[in-house]
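Since every read-out is calculated from the coordinates, none of them should be taken as a lab result. Given the structure is predicted, the values throughout are model-derived calculations rather than measurements. Neighbour counts are summed over all protein chains in view; Cβ atoms, including those assigned to glycine, are modelled from backbone coordinates with ideal geometry.
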Amino acid sequence: MSLPSLTEIGKMGLPTGQMREETQKTLDEYNELYNWDYNEMCRFIECYGQTMFLTHYETYHRLCDDYSMELVDEFAFTFDVDTIPHFEDMYEGQFETGQDFAFYYVNEVDEETKNIPSWVTIDYQDIWENKLSNDYVEIDCSMSEHTYGHIFKRTVD
C-alpha cells in the first residue's frame, strides 16, 4: 500500500497556519537551502506527522533520491516511519523473486552453504518460504521502474 499522492491529500497539504512554528521554520529552511519541493514536504507531514518530519525528513529525502520515493514509502509503511534511519542497514538488494534471494543467500552469504557441490539439488523456493521469509521481507512497488523483489531484513542487526 502506497502513501497518498499529492492530489489525494490536496496540493498544499496542511495549511501553514495549522503547523507548529518549528515545522514551518524547518519547511522554509529546507525549501530555501536545498530547494526541496514544498508540496512533497507537506505530503510527508500529512502522511507521517510533524514530529516525524522534524526527525526523519532529511534521511527520507536522501533515501528517495538514492532509491525511489515509492520504495521508501513502502518501507515506512511496512516497518514504521521511525525505522527509516535503518533502511540501508536492512536493505539486502533487489531480486526478481524470493527464490532468487534464497539462491544468492545460500551461494554468497551463508558461510556454511557457500561451497555446496554443484551436483547437489537445492529447493530455493522452499528455503525462501520456510527459512528466509521468517527473517526477511519482500517489498514490491507498483509504480516504479523496479517493481519487485526488494528484500529487507525484518530487524536491524
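Not counting the cut sites, what is the longest span of the chain without GluC sites (Glu not before Pro) that DSSP labels loop and that have at most 11 other Cβ atoms within 10 Å?
Of all site-free stretches, the longest is 1-95.
Counting other Cβ atoms within 10 Å, which trypsin sites (Lys or Arg not before Pro) in segment 48-157 have at most 11 and lie in a DSSP loop?
Here the sparse-neighbourhood loop sites are K114.
Which one, F152, L63, V81, is farthest towards the positive end of the dipole of the chain when Lys and Arg carry +1 and Asp and Glu -1 on their Cβ?
Of F152, L63, V81, it is V81.
Using 0.36 nm times the number of residues separating E108 and S142, minus their current alpha carbon distance, what extension gain do you get?
Net length gain for the segment: 9.4 nm.
Working from Cα positions, state the angle (0 to 90°, nearest 10) between the long axis of helix 38-48 and the longest principal axis of the chain.
Value to nearest ten degrees: 60.
So for the chain, if I pair up every lysine 8 or more residues apart or on another chain, how many of those pairs have alpha-carbons under 24 Å apart?
So the count of such lysine pairs works out to 4.
Please turn the phi angles of segment 70-78 into ³J(HN,Hα) values with the Karplus equation 6.51 cos²θ - 1.76 cosθ + 1.60 (θ = phi - 60°), one per residue in order, whole Hz, x for glycine and proline.
For segment 70-78, the Karplus curve yields 4, 5, 5, 5, 5, 4, 4, 5, 5 Hz.
Which of the chymotrypsin sites (Phe, Trp or Tyr not before Pro) found in segment 61-124 are loop residues per DSSP with 15 or fewer other Cβ atoms within 10 Å of their Cβ?
In loop regions of segment 61-124 (DSSP not H, G, I, E or B), the sparsely surrounded chymotrypsin sites (Phe, Trp or Tyr not before Pro) are W119.
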